[in-house]
Amino acid sequence: MKTAYDIVIRPITTEQSMEDLDIKKYAFMVDKKANKIEIKKAIEEIFGVTVIKVTTVNYAGKAKRTGAYPMGKTAAYKKAVVKLSADSKDIELFEGMV
């Protein structure tokens, strides 16, 4: 059985994900095999918030040039965007980044 910390790997702090903080949408890199129900339970357990909706996207690794023959590749990952309820508290991890 995976723990909540095995499912949620790290937050994603890009410009696009930071714009959605005011409408209580937060982006995380999650385990590739985790489903939406497991992600929802993990976020609620770690941060003590109420999750309304979870959307996920699988990103494939891209081929990158290394300047010589074997071509490199970036890592594949799964991204989850969670929407919190209106009465839920904010996630403190993202507080100082805006």
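Tabulated results
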{"read-out": "The chain - percent relative contact order, Cα under 8 Å, separation 6 or more", "value": "30"}
{"read-out": "Ordering of 55-61, 37-43 by packing [mean C-beta count within 10 Å, highest first]", "value": "37-43, 55-61"}
{"read-out": "Accessible area in the full protein assembly, largest first, 1.4 Å probe, for Asp87, Asp20, Asp6, Asp31", "value": "Asp87, Asp6, Asp20, Asp31"}
{"read-out": "Computed Rg/Rh of the chain, alpha carbon atoms with Kirkwood Rh", "value": "1.05"}
{"read-out": "Helix 36-47 vs. the chain, principal-axis angle (Cα, 0 to 90°, nearest 10)", "value": "60"}
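The values are calculated or read from the model by the stated rules, or taken from the named source; none is laboratory data. Nothing here was measured: the structure is a model prediction, and the numbers come from that model. Cβ coordinates were reconstructed from backbone atoms using ideal geometry, including for glycine residues, and neighbour counts include every protein chain displayed. These accessible areas exclude ligands, DNA and RNA; they are computed on the full protein's heavy atoms, side chains included. Shrake-Rupley method; radii C 1.70, N 1.55, O 1.52, S 1.80 Å.
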